[in-house]
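Read through the structure below, which is laid out as structure tokens, and then see the notes.
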Amino acid sequence: MRHLILILGDQLDRHSSVFDGFDSNQDCIWMAEVATESTKVWTHKARIVVFLSAMRHFAESLRAEGMRVDYRKLEDLENAGNFVAELTATLKRLKPQRLIIVEPGEWQVREDFRRTAEALGLPLEMREDRHFLASHADFEKHVKGRKQLRMEFFYREMRVKHQVLMDEGKPVGGEWNFDSENRKSFAKQGPPLHAAPRRFLPDAISREVMDLVEQRFAKHPGRLADFDWPLTAQDAQLALSDFIENRLTDFGDYQDAMWTREPWLFHSRLSVVINLKLLDPRVVIAAAEKAYRTGSAPLAAVEGFIRQILGWREYVRAIYWRFMPDYLSLNSLDAHQPLPSFYWTGETDMNCLREAIGQTLQYGHAHHIQRLMVTGLFSLLLGVKPQEVHEWYLAMYVDAVEWVELPNTLGMSQHGDGGIMASKPYIASGKYIQRMSNYCTGCRFDPAKSTGPDACPFTTLYWDFLMRHETRLKMNQRMSMQVRNVTRLTETEKAAISEQAESIRHSLT
Ligand SMILES: Cc1cc2nc3c(=O)[nH]c(=O)nc-3n(C[C@H](O)[C@H](O)[C@H](O)COP(=O)(O)OP(=O)(O)OC[C@H]3O[C@@H](n4cnc5c(N)ncnc54)[C@H](O)[C@@H]3O)c2cc1C
Ligand code: SF4
């Protein structure tokens, strides 16, 4: 055998550089389902099914093209259970002259493959992942000479470089960012009428994997009853068209809004297929831009959506690779509280958390503002160790791969990186959740109160956070207004808030 081509569960890209020069007569593809990928964090059942079923579909499609695929199923008796042992056994059996892989999406996995090849004295060719629009070299060029990194400036460069929403060298509509027109909340009666997202009900391959997961990972969190994720390139395309036709128009207006038992609202649900590499981000961006150019979606919605993919998604990946492996252990706010156990069950009387976590257990998904301003906000205000929060997000979301999950969690949401990702901690009291959702109606707590038996824990912990980190936050101009409000509290009020916050922390330990 000439080349053994290694394809991991989030590398299901038929246009990937690993296929460059592939010769069916001399080369073979290697794919392996290993248990450690589902157990190193206590992974949601739906996330396990997403990866295994999508891999099995991809392997089938390669075989249908006449490629040889050496595929190790999870249930195979000889399965060694982890990448290193599996690959080592395969190399001894197939004896290839060279290994080819695209850079994995996790720093540790990349190291493991490097070390395994080195130990066996085999050349390993690690090719660039051209799924992404920014290479590591592009980001290094961007970083050079800058004292501070901010997504907005990187995003503008990406718009120019890839000529997205640009007319004659200028941003379409004269502005780079239309956020001021976006981010509305719903009126009292709730979200406007909208079509439910297209569903992709499990086929025979997925059903087989679901049975396997129910048996093998019976005690893992999450449920599979509503599993309907697209898992092939064809279905990914259908999911994209469904979003562009039915939800893109209102995406901008309501991207930060939340509503009870409305898990999808106007979001795309595309992160899963994009992260598996079944859908090219260029195709998504082009479809959104076309919707604007043909008059079927407003500029503010289209720009807001494109910014998430061309801006945030590329930016977080760049941050991950630039700052790993040290990034994983950062804890700039010195937070050490354990993650409350209700994160794994949804059993809490805080309505917003019960909704966001309940939905996460049901689907393996919650939309951005639920992740950032409900589950993320609570653990930040409580002072949970960012590494524990990271493990929860990595375990619970069907779209979670470390390169994208870690900077979003440890950086954007927990401010554990001290400001590499975001210039200030995203903090708010329960009043923000009240403004952006209907969760507080029917909750036993009152978002306006910071002390007393019906005080909203978010509001108590918000003031407590400002007091605990006052010295540090004072130095941050963007926080000055919030910090100034603390000085308006009397010493008695401050003491009562600290005491109530301490009792919340104590009860959740
Ligand atoms: C604490 C936390 C953890 C997160 N973990 C993940 C994760 O593991 N995997 C993941 O893909 N996203 C993650 N995100 C970002 C975001 O929440 C999800 O991408 C989004 O909710 C996916 O749903 P959607 O496809 O309907 O997105 P939409 O709201 O429709 O957005 C469109 C697309 O933009 C991209 N996108 C949007 N925001 C981000 C972002 N902040 N970073 C990277 N890409 C973005 C996604 O590809 C998404 O599909 C996280 C955010 C937070 C605050
Ligand atoms: S009152 Fe507080 S805990 Fe209850 S839903 Fe509102 S923000 Fe959440």
Exercise. Mind giving me the FRET efficiency for GLU347 and TRP264? R0 is 22 Å, r the Cβ-Cβ distance, nearest 0.05 is fine.
Key: 0.40
Quiz item: What residues have an amide H closer than 5 Å to that of ILE29, excluding those fewer than 5 places away on the same chain, when H is modeled at 1.01 Å from N in the peptide plane?
Solution: ILE5, ARG68, VAL69, ASP70
Quiz item: What shape does region 251-302 take by its C-alpha gyration tensor, where a ≥ b ≥ c are the square roots of the eigenvalues and a/c under 1.5 counts as rounded, a/b above b/c as prolate, and the rest as oblate?
Solution: oblate
Quiz item: Within region 398-433, what residues put their amide N at less than 13 Å from the label point 7 Å along the Cα-to-Cβ vector of ARG146?
Solution: 420-423
Self-check item: Set of lysines near LYS73 by C-alpha distance (under 29 Å), chain-local residues within fewer than 8 positions excluded
Solution: LYS40, LYS45, LYS92, LYS95, LYS219, LYS277
Quiz item: Once both labels are modelled 7 Å past Cα along the beta-carbon direction, what's the HIS506-GLU168 spacing in nm?
Solution: 6.9
Quiz item: Which aspartates and glutamates have a Cα lying under 18 Å from the Cα of LYS431, excluding residues fewer than 8 positions away in the same chain?
Solution: ASP256, ASP349, GLU355, ASP446, ASP454, ASP464
Quiz prompt | Gain upon complete extension [ARG484, ASP454; 0.36 nm per residue less C-alpha separation] | solution = 8.2 nm
Quiz item: Roughly how large, in nm² to one decimal, is the mean projection of the convex hull of the alpha-carbon atoms in the chain?
Solution: 24.8
Exercise. Would you mind counting up the charge near GLY419? Only other residues with Cβ under 13 Å from its Cβ, with Lys and Arg at +1 and Asp and Glu at -1.
Key: +4
Exercise. Report, please, the projected area of region 1-63 averaged over directions, based on the convex hull of its C-alpha atoms, in nm².
Key: 4.7
Quiz item: Can you tell me the Rg and Dmax of region 341-507, counting just the alpha carbons, in angstroms?
Solution: 15.5, 46
Quiz item: What residues qualify as long-range amide H neighbours of ARG127, i.e. H under 5 Å apart, gap of 5 or more or another chain, H built at 1.01 Å from N?
Solution: ILE101, VAL102, GLU103
Quiz item: Using the Karplus equation 6.51 cos²θ - 1.76 cosθ + 1.60 (θ = phi - 60°), what ³J(HN,Hα) coupling, rounded to whole Hz, does each residue of region 374-381 give in order, writing x for Gly and Pro?
Solution: 10, 5, x, 4, 4, 5, 5, 5
Quiz item: With each run of n ≥ 4 DSSP H residues scored as -39500 (n - 2.57), what mean residue ellipticity at 222 nm is computed for the chain after dividing by its residue count and rounding to the nearest 500 deg cm²/dmol?
Solution: -12500 deg cm²/dmol
Practice problem: About the Cα centre of the chain, how large is the charge dipole given +1 on each Lys and Arg Cβ and -1 on each Asp and Glu Cβ? Please answer in debye to the nearest 20. | Solution: 860
Exercise. Treat each spin label as a single point 7 Å out from the Cα along the C-beta direction, and report the GLU208 to LEU122 distance in nm.
Key: 2.6
Quiz item: So which helices of the chain fit the span-like rule, where a helix is a whole DSSP H run, its Cα atoms reach 27 Å or more along the axis, and its mean Kyte-Doolittle is at least 0.0?
Solution: 45-64
Quiz prompt | Whole-Å distance, taken between Cα centres, linking region 226-262 and region 324-384 | solution = 23
Quiz item: What's the extension gain from GLN477 to SER24 if we count 0.36 nm per residue and subtract their Cα-Cα distance?
Solution: 157.1 nm
Practice problem: Could you please report the charge total around MET55, scoring K, R as +1 and D, E as -1 over all other residues with beta-carbon less than 14 angstrom from its beta-carbon? | Solution: -3
Quiz item: Among the lysines, which have Cα under 27 Å from the Cα of LYS147 when same-chain residues fewer than 8 positions away are ignored?
Solution: LYS161, LYS170, LYS424, LYS474
Quiz prompt | Approximate spin-label separation ALA187-THR441, in nm, with each point projected 7 Å along Cα-to-Cβ | solution = 1.3
Quiz item: Could the peptides 136-147, 68-79 be put in order, highest first, of the mean number of other beta-carbon atoms found within 10 Å of their residues?
Solution: 68-79, 136-147
Self-check item: Dipole of region 181-237, positive end: most advanced residue of LEU231, PRO202, SER185 [Cβ charges, Cα centre]
Solution: SER185
Exercise. Find the all-direction average of the projected area of the Cα convex hull for region 56-174, expressing the result in square nanometres with one decimal place.
Key: 12.3
Quiz item: When the scattering of region 3-127 is computed by the Debye formula from its Cα atoms alone, each counted once and equally, what is log10 I(q)/I(0) at q = 0.11, 0.14 Å⁻¹?
Solution: -0.35, -0.58
Exercise. Please give the net charge around SER332, taking every other residue with its beta carbon less than 13 angstrom from that of SER332, where Lys and Arg add +1 and Asp and Glu add -1.
Key: 0
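We did not get these values from a lab; they are worked out from the coordinates using the rules stated. Not measured: the values here are computed from a predicted model. Glycine also receives a Cβ, built like all others from the backbone with ideal geometry; neighbour counts cover every protein chain displayed.
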